[in-house]
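The values are calculated or read from the model by the stated rules, or taken from the named source; none is laboratory data. These numbers were taken from a predicted model, which means no experiment stands behind them. All Cβ positions, even for glycine, are placed from backbone atoms using ideal geometry, and neighbour counts span all protein chains on display.
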Number of protein chains: 2
Amino acid sequence: MQHLQGTSYFIEIGDITQSSLETYIAKHYQQAKIVIIVDENTHDFCLEYLLTSFDCLKDAEVILLPAGEENKVMEVCFQVWEALTEYGIGRNDLILNLGGGVVTDMGGFIASVYKRGVDFIHIPTSLLGMVDASIGGKTGIDLGVYKNQLGVFNHPKAIFIDPIFLATLPDDEKRNGYAEMLKHGLIADKGHWERIKDKTVEQITIQDIADSVGIKFSIVEQDPNEKNSRKTLNFGHTIGHAIEGYLLEREPISHGYAVAMGMLVEAGISLDEQKITEIEFDEIKSVICKNFKQIAFEKEEIAIIVAIMRNDKKNELNKINFSLLNKIGSCEINCFFEGKQLIQKFNYLN
Amino acid sequence: MQHLQGTSYFIEIGDITQSSLETYIAKHYQQAKIVIIVDENTHDFCLEYLLTSFDCLKDAEVILLPAGEENKVMEVCFQVWEALTEYGIGRNDLILNLGGGVVTDMGGFIASVYKRGVDFIHIPTSLLGMVDASIGGKTGIDLGVYKNQLGVFNHPKAIFIDPIFLATLPDDEKRNGYAEMLKHGLIADKGHWERIKDKTVEQITIQDIADSVGIKFSIVEQDPNEKNSRKTLNFGHTIGHAIEGYLLEREPISHGYAVAMGMLVEAGISLDEQKITEIEFDEIKSVICKNFKQIAFEKEEIAIIVAIMRNDKKNELNKINFSLLNKIGSCEINCFFEGKQLIQKFNYLN
């Protein structure tokens, strides 16, 4: 069991049945009501394992969310708030989010806003959830094409990461999290990049996961409010989020795949800005292209995607804010570009 | 100009044209976009005064909310978030809430959740907003009959309180804030109670307002997260909120009127529990009955109101949590009652 202690929460990585979950609940929530939020997938594949492993959860209420990013919206939150009210859930009760990034993002937001905040715990079940979404206190939901446009910063009390939940996940879904693991290596740890870049997703070890969690954890602990170093985590995301948002109402793709495309284009911008070498760019490109399908957008589509970027949360004074690579393992924040400069950069997707 | 300095924000009380608003905006938001949120009333009666007084606001976008507690709901927030997105409002921009408690509660919530939080300033225009709603960082909206069921704790950057905005307010609306001023005296400051209890609302002075603001301010600064002393502010509110919520979908009454009824019943409970004397109770009763109409509820109505109380945010272990008076000027928190004990207490309204 690996343990990371944050200022207001902790993370445990390893067999959840050997974790402190049971004792933690006994200590802090003995008389509380517990609600488990799941989606259709984790309801079918993960919930029973949890319920049979933990006696303290046998009386928990279960709230089922529709699966998928297209359901990470206010209407769904609203129904959950009504259900929590109906169950008489109070400020001292506990919400347990069991699922991938959509469940932890949305479940965290639901808990943070209900009665001005009830405690919550994340049990991420996807690789993306484990290495990225569940860590760092960003909760949120989408507003139209704008990803995570509504939300609050608020940490769970604890995060329990057990790779056993990955067993039922298709490789395609695992690649989703793999994209963020690659990003962690690219922005902060060349060794991590080297160790995972030639692996297939089945070859990812629990130690690789723990390394990736450690990178994200230490970055967000250093700069919880995203004033400085935390912005490095946005590498690949300025363009990735806009692509994901654009496709959301057309032909949705997974977050990791959108981020992979975003990383490719943003690595291309890093190259154009002479921040990385041709050799470094080629290495990044080859790893991304081997694992992630690229989409070549039409001119009109690119115009819309750039327009979406103009509403990115990180922007300042109408300029679009990028985090670009300096070299493999290092990232420079606050690189600003005009929208019109970006159009041609999408050629990197061809 | 009176100035109160909090840990993360400040309050100024006096002529707003002499306040630091202009220099504060010039210093922190010179290149920011500014959005002013108003409701139908403040749009007609307060906005022009503000716009003509401050040059820095001449390019501000104005967002109009429908007036009234029945519109303090998610659907309205959703429309505002869409408008903010359309205006391209970013994380470094500023929202200015100009209105009564509904505008500051809802506007604070809207700002706190949009892009995980943009800065906001409150300019309360009702007596209730000035002495109560705008202070303390409680933002929120209603969910069905449940008052402020959704929200977050988040302070504005500044609050500017100028009694000039009260000039256009009907006395009936001023009594709404007067109820909370009486509460501040009852729970924390006998002198304040003595000074205002025999006044008509037209006789309330700027110093009375400043005193009331000071009481609320110092209580919430001491205990921002409502673990202890802040709960004293809930005197009258456990029953008041439930009455207000019950009537919301029937025949809405103002917050202050509901709180006045709540204070009468809860003072009655304080008497029954021998925490205050008959003389003290009679004094409280006479002030409340002189200023606020009481409603006598039917048995079945009381059952519903008590059921609503069972979902009160302050409850623990299914018991309903009251803050009761010890004497005039002092309040005891965490007084728990079963729902069935409360039915007969409503006789105090007759």
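Determine, yes or no, whether A:Thr7 is of a type in the set (Ser, Thr, Tyr), in contact with a Pro (Cβ under 9 Å, 6 or more places away or on another chain) and either on the phi < 0 side of the Ramachandran plot or at pLDDT 95 or above (or both). Break it down stepwise before answering.
Working: of a type in the set (Ser, Thr, Tyr): yes; in contact with a Pro (Cβ under 9 Å, 6 or more places away or on another chain): yes; either on the phi < 0 side of the Ramachandran plot or at pLDDT 95 or above (or both): yes.
Answer is yes for this residue.
Picking from B:Leu57, B:Leu51, B:Leu64, which residue would you name as being touching a Lys or Arg at 6+ places or on another chain (Cβ under 8 Å), away from chain A (no Cβ under 14 Å) and surrounded by fewer than 21 Cβ atoms within 10 Å (Cβ to Cβ)?
B:Leu51
Here is a check on your reading of the model: is B:Ala26 out of contact with any Lys or Arg (no Cβ under 9 Å at 6 or more places or on another chain), within 26 Å of B:Glu251 (Cα to Cα) and more than 14 Å from every other protein chain (Cβ to nearest Cβ)? Write out each step before concluding.
Values: out of contact with any Lys or Arg (no Cβ under 9 Å at 6 or more places or on another chain): yes; within 26 Å of B:Glu251 (Cα to Cα): no; more than 14 Å from every other protein chain (Cβ to nearest Cβ): yes.
No, not satisfied.
Would you check if B:Gly140 is within 10 Å of chain A (Cβ to nearest Cβ), farther than 21 Å from A:Lys227 by Cβ and touching a residue at least 24 places away in the same chain (Cβ under 8 Å)?
yes
Name the residue that is surrounded by the most Cβ atoms within 10 Å (Cβ to Cβ), counting only residues in segment B:179-200 that are within 17 Å of the chain's Cα centre (by Cα) and more than 18 Å from B:Ser229 (Cβ to Cβ).
Checked segment B:179-200; the qualifying residue surrounded by the most Cβ atoms within 10 Å (Cβ to Cβ) is B:Met181.
Going residue by residue through segment A:96-108, is there one that turns out to be of a type in the set (A, V, I, L, M, F, W, C), within 14 Å of chain B (Cβ to nearest Cβ) and either in a strand (DSSP E or B) or under 30 Å from A:Leu182 (Cβ atoms) (or both)?
The answer is yes; a qualifying residue exists.
Would you check if there is a residue in segment A:160-172 being at pLDDT 95 or above, assigned to a strand (DSSP E or B) and away from chain B (no Cβ under 14 Å)? I'd like the intermediate steps shown before the answer.
So in segment A:160-172, the residues at pLDDT 95 or above come out as A:160-166.
Still in the list and also assigned to a strand (DSSP E or B): A:160-161.
Checking which are away from chain B (no Cβ under 14 Å) leaves us with A:160-161.
The answer is yes; a qualifying residue exists.
Kindly indicate the residue of segment B:67-96 that is more than 27 Å from B:Ile253 (Cβ to Cβ), among the β-branched types (Val, Ile, Thr) and in contact with a Gly (Cβ under 9 Å, 6 or more places away or on another chain) and also surrounded by the fewest Cβ atoms within 10 Å (Cβ to Cβ) among those meeting that condition.
B:Thr85
On the given criteria, is A:Gly6 under 29 Å from A:His255 (Cα atoms), among the small types (Gly, Ala, Ser) and either out of contact with any His (no Cβ under 8 Å at 6 or more places or on another chain) or not assigned by TED's automatic domain parsing to the domain that holds A:His155 (or both)? Quick ask: steps written out before the conclusion?
Details: under 29 Å from A:His255 (Cα atoms): yes; among the small types (Gly, Ala, Ser): yes; either out of contact with any His (no Cβ under 8 Å at 6 or more places or on another chain) or not assigned by TED's automatic domain parsing to the domain that holds A:His155 (or both): no.
No; evaluated as a whole, the condition is false for this residue.
Looking at (1) surrounded by fewer than 24 Cβ atoms within 10 Å (Cβ to Cβ); (2) free of Cβ contacts under 8 Å to residues at least 60 places away in the same chain, which one does A:Tyr257 not meet, given that it meets all the others?
Result: A:Tyr257 passes all but (2).
Please determine whether any residue of segment B:232-240 is at positive phi and surrounded by 24 or more Cβ atoms within 10 Å (Cβ to Cβ).
yes
Across segment B:310-320, what is the number of residues that are touching a residue at least 40 places away in the same chain (Cβ under 8 Å) and facing another protein chain (nearest Cβ under 10 Å)?
4
Let me spell it out: the conditions are (1) over 23 Å from the mean Cα position of the chain (by Cα); (2) buried (at least 21 other Cβ atoms within 10 Å of the Cβ); (3) of a type in the set (Asp, Glu), and A:Asp39 meets all of them except one. Which number is the exception?
(1)
Restricting the search to segment B:208-244, which residues are over 19 Å from B:Asn311 (Cα atoms) and touching an Asp or Glu at 6+ places or on another chain (Cβ under 7 Å)?
B:Ile215, B:Lys216, B:Ser229, B:Arg230
Hey, could you check segment A:313-335 for residues that are over 22 Å from A:Ile284 (Cα atoms) and in contact with a strand residue (DSSP E or B) (Cβ under 6 Å, 6 or more places away or on another chain) and say which is modelled with the highest pLDDT? Give the derivation first.
Taking segment A:313-335 and keeping what is over 22 Å from A:Ile284 (Cα atoms), we get A:313-320.
Add one more test, that the residue is in contact with a strand residue (DSSP E or B) (Cβ under 6 Å, 6 or more places away or on another chain), and what stays is A:314-315, A:319-320.
Values: A:Lys314: 79, A:Asn315: 81, A:Lys319: 90, A:Ile320: 94.
This residue is A:Ile320.
If we keep just the residues of segment A:203-231 that are closer than 28 Å to A:Pro170 by Cβ and among the charged types (D, E, K, R), which is surrounded by the most Cβ atoms within 10 Å (Cβ to Cβ)? Show your work before the answer.
Going through segment A:203-231, the residues closer than 28 Å to A:Pro170 by Cβ turn out to be A:203-217.
Imposing the further condition that a residue be among the charged types (D, E, K, R) reduces the set to A:208, A:211, A:216.
Values: A:Asp208: 19, A:Asp211: 19, A:Lys216: 24.
Here the answer is A:Lys216.
What number of residues within segment A:112-127 are within 14 Å of another protein chain (Cβ to nearest Cβ), in contact (Cβ under 8 Å) with a residue 60 or more places away in the chain and crowded, with 24+ Cβ neighbours inside 10 Å?
0
So how many residues does segment A:116-149 have that are part of a loop (DSSP other than H, G, I, E, B) and in contact with a helix residue (DSSP H, G or I) (Cβ under 9 Å, 6 or more places away or on another chain)?
Residues that pass the stated criteria total 12.
Restricting to segment A:290-304, give me the number of residues that are more than 21 Å from the chain's Cα centre (by Cα) and either over 29 Å from A:Lys199 (Cβ atoms) or in a helix (DSSP H, G or I) (or both).
Taking segment A:290-304 as the starting set, the residues that turn out to be more than 21 Å from the chain's Cα centre (by Cα) are A:290, A:295-304.
Subsequent filtering for residues that are either over 29 Å from A:Lys199 (Cβ atoms) or in a helix (DSSP H, G or I) (or both) retains A:290, A:297-304.
Of the residues in segment A:290-304, 9 are more than 21 Å from the chain's Cα centre (by Cα) and either over 29 Å from A:Lys199 (Cβ atoms) or in a helix (DSSP H, G or I) (or both).
How about segment A:60-89: which of its residues are in contact (Cβ under 8 Å) with a residue 60 or more places away in the chain and not hydrophobic (A, V, I, L, M, F, W, C)?
A:Gly68, A:Glu69, A:Glu70, A:Lys72 - these are the residues of segment A:60-89 that are in contact (Cβ under 8 Å) with a residue 60 or more places away in the chain and not hydrophobic (A, V, I, L, M, F, W, C).
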